[in-house]
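J.: This is the structure I have questions about; it appears just below.
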Amino acid sequence: MRLVILEDYDLASEWAAKYIRNRIITFRPTAQRYFTLGLPTGSTPYACYKKLIEYHKSGDLSFKYVKTFNMDEYVGLPRAHPESYHSYMWNNFFKHVDIDPANAHILDGNAQDLEAECAVFEKDIADAGGIDLFVGGIGPDGHIAFNEPGSSLVSRTRVKTLAKDTIVANARFFGNDLSKVPTMALTVGVGTVMDSREVMIVITGAHKAFALYKAIEDGVNHMWTVSAFQQHPRTIFVCDEDATLELRVKTVKYFKGLMHVHNKLVDPVLTMKNDLS
């Protein structure tokens, strides 16, 4: 497990974006061999997506041979609703890069048979050869995707009832009107993400500090579902200074002492310009 500590949100987001960029480029995706990327929504990945768009517009990165699978989607919210995760992904990322829309997979929260929709999503991931890199964020209660406290750590994609804390946290996107916040969602399971070949979780802000402590210093616990990734062979937690406030001083010192190693993952920053010319 790696813990990468950057000074602030913007630097943490940039490091994550550089890592995604380098992983795609070193994979050398082709029409016969796509790179498969798991993606989150919410406020945390916003700056990372902006950086990835910059890399695409500068000609350094292409998503032509990338397939994506998003973590979750609200149940019952129209796809065109500004707060649906379909809208979020298209407005904040997909429409600004060269990904084929057929390769951008997002769960349909309005499917007639929600359980069948979840089963098809799992099959689509398997048919794509599994996920090479799953990028995630967490809530203050340590949930990843919509795997709320108490979720099974071997869970698969399914329908999930949202916890009250999650509904309250998401109310800011719905005019702070709790009655407008969806109460159910479709979400990948903890086991779904654990099956990925690599996982990168971005955690920023003092309000996520206790969750980061639970994620890396405390034991594996289904009440803090992000803690499951202690047992993944290739997990990277990327955080800012504020998110480390609940960690032991010696833990922070230890991982900061490894930054010269971690930075080799993103320096040099690779480019596709020669490949695309």
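The values are calculated or read from the model by the stated rules, or taken from the named source; none is laboratory data. Bear in mind that the values here come from a model prediction, so they are computed numbers and not experimental data. Counting neighbours? That spans all protein chains shown, and the Cβs are built from the backbone with ideal geometry, glycine included. Side chains included, ligands, DNA and RNA excluded: accessible areas come from the protein's heavy atoms. Shrake-Rupley method; radii C 1.70, N 1.55, O 1.52, S 1.80 Å.
J.: Under 6 Å between Cβ atoms, which residue pairs at least 6 apart in sequence (or on different chains) link something in the stretch 212-225 that is closer than 12 Å to Asp141 by Cβ with a partner that is polar (S, T, N, Q)?
T.: Listed pairs, sorted by first residue: Lys214/Ser227; Ala215/Ser227; Asn221/Ser227; Thr225/Asn147; Thr225/Ser151.
J.: Going by what's in this entry, would Gly142 be described as touching a helix residue (DSSP H, G or I) at 6+ places or on another chain (Cβ under 9 Å) and within 29 Å of Ala17 (Cβ to Cβ)?
T.: yes
J.: Got a sec? Which of Phe134, Phe210 is in a strand (DSSP E or B), at pLDDT 95 or above and closer than 30 Å to Leu245 by Cβ?
T.: Phe134
Listed here are the residues, each with its yes/no results for (1) buried (at least 22 other Cβ atoms within 10 Å of the Cβ); (2) under 27 Å from Gly205 (Cβ atoms); (3) at pLDDT 95 or above.
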site	(1), (2), (3)
Arg28	no, no, yes
Gly42	no, yes, no
Lys51	no, yes, yes
Ser58	no, no, yes
Lys67	yes, no, yes
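J.: Where in the stretch 32-80 are there strands (runs of 3 or more DSSP E), lying fully within it, with 3 or more residues that are without any contact (Cβ under 8 Å) to a residue 60 or more places away in the chain?
T.: Hits in the stretch 32-80: 66-70.
J.: So Glu117 fits all but one of (1) in contact with a strand residue (DSSP E or B) (Cβ under 7 Å, 6 or more places away or on another chain); (2) closer than 24 Å to Glu198 by Cβ; what number is the exception?
T.: All conditions are met except number (2).
J.: A further question on this structure: Given the structure, is Asn110 closer than 30 Å to Ser179 by Cα, surrounded by 19 or more Cβ atoms within 10 Å (Cβ to Cβ) and of a type in the set (S, T, N, Q)?
T.: So Asn110 fails the test.
J.: Could you say which residue among Lys214, Lys256, Lys208, Lys250 is open to solvent by less than 60 Å² (accessible area, probe 1.4 Å) and farther than 17 Å from Gly42 by Cβ?
T.: Lys214
J.: In the stretch 226-247, what count of residues is obtained for those that are among the aliphatic types (A, V, I, L, M), surrounded by fewer than 22 Cβ atoms within 10 Å (Cβ to Cβ) and either in contact (Cβ under 8 Å) with a residue 60 or more places away in the chain or in contact with a Lys or Arg (Cβ under 9 Å, 6 or more places away or on another chain) (or both)?
T.: So the count comes out to 0.
J.: Can you tell me how many residues within the stretch 138-154 are surrounded by 24 or more Cβ atoms within 10 Å (Cβ to Cβ), touching a strand residue (DSSP E or B) at 6+ places or on another chain (Cβ under 7 Å) and on the phi < 0 side of the Ramachandran plot?
T.: Total satisfying the criteria: 4.
J.: Among the numbered criteria (1) outside any loop (DSSP other than H, G, I, E, B); (2) open to solvent by 20 Å² or more (accessible area, probe 1.4 Å); (3) within 30 Å of Asp98 (Cβ to Cβ), which single criterion is violated by Val202?
T.: (2)
Per-residue answers, yes or no, for (1) of a type outside the set (A, V, I, L, M, F, W, C); (2) within 22 Å of the chain's Cα centre (by Cα):
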{"site": "Asn176", "(1), (2)": "yes, no"}
{"site": "Met184", "(1), (2)": "no, yes"}
{"site": "Gly191", "(1), (2)": "yes, yes"}
{"site": "Val199", "(1), (2)": "no, yes"}
{"site": "Ile216", "(1), (2)": "no, yes"}
{"site": "Val220", "(1), (2)": "no, yes"}
{"site": "Met223", "(1), (2)": "no, yes"}
{"site": "Gly257", "(1), (2)": "yes, no"}
{"site": "Pro268", "(1), (2)": "yes, no"}
